[in-house]
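One structure below.
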Amino acid sequence: MAAAGDIYLCSSRSEVLLSREGRKPIQFQPEKIERSDRVASGKLKTDIIATKNIITIPYELISQTDLETFNTLYALNSELSLIVYNTDTEHEDYTVIMEPPPRTRGYVLPETLWSDVSIVLKEV
């Protein structure tokens, strides 16, 4: 059962509960999709087609296992479902595509940790 603050990233084959450990607050940045062109008078005409979100899920630290999970989802090269639980029963659903996760090698321990990993998802 889901709890407030849970974030799931799902493909047609699997559902992954994203780790809360090391996760910073999720960020939503609106992106306008527009088409611009000049009309005969030379005036610039812009049509706003849609506004979609760029969703960033930043991690201060993440384990090698969790990073491999993100890389596997990215390698699917397909649309994913993002489910963000606001409460135990209320959630927001988004259809997204995933950008390759940038990362910085952090600490070398028995299980390698990565620092400053941000999962960037673009709403379709």
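The values are calculated or read from the model by the stated rules, or taken from the named source; none is laboratory data. In this text the structure is predicted, and so the values were computed from the model without any measurement. FYI the Cβ positions are ideal-geometry reconstructions off the backbone, even for glycines, and counts take in every protein chain you see.
Would you mind finding the one in GLU68, GLU60, GLU79 that is touching a strand residue (DSSP E or B) at 6+ places or on another chain (Cβ under 8 Å), acidic (Asp, Glu) and modelled with pLDDT under 95? Being touching a strand residue (DSSP E or B) at 6+ places or on another chain (Cβ under 8 Å), acidic (Asp, Glu) and modelled with pLDDT under 95 holds for just one of GLU68, GLU60, GLU79, which is GLU60.
In the range 18-29, what residues are surrounded by 13 or more Cβ atoms within 10 Å (Cβ to Cβ), over 15 Å from LEU121 (Cβ atoms) and within 15 Å of the chain's Cα centre (by Cα)? Selection gives SER19 alone.
TYR74 meets each of the listed conditions (1) under 17 Å from VAL124 (Cβ atoms); (2) at pLDDT 95 or above apart from (2).
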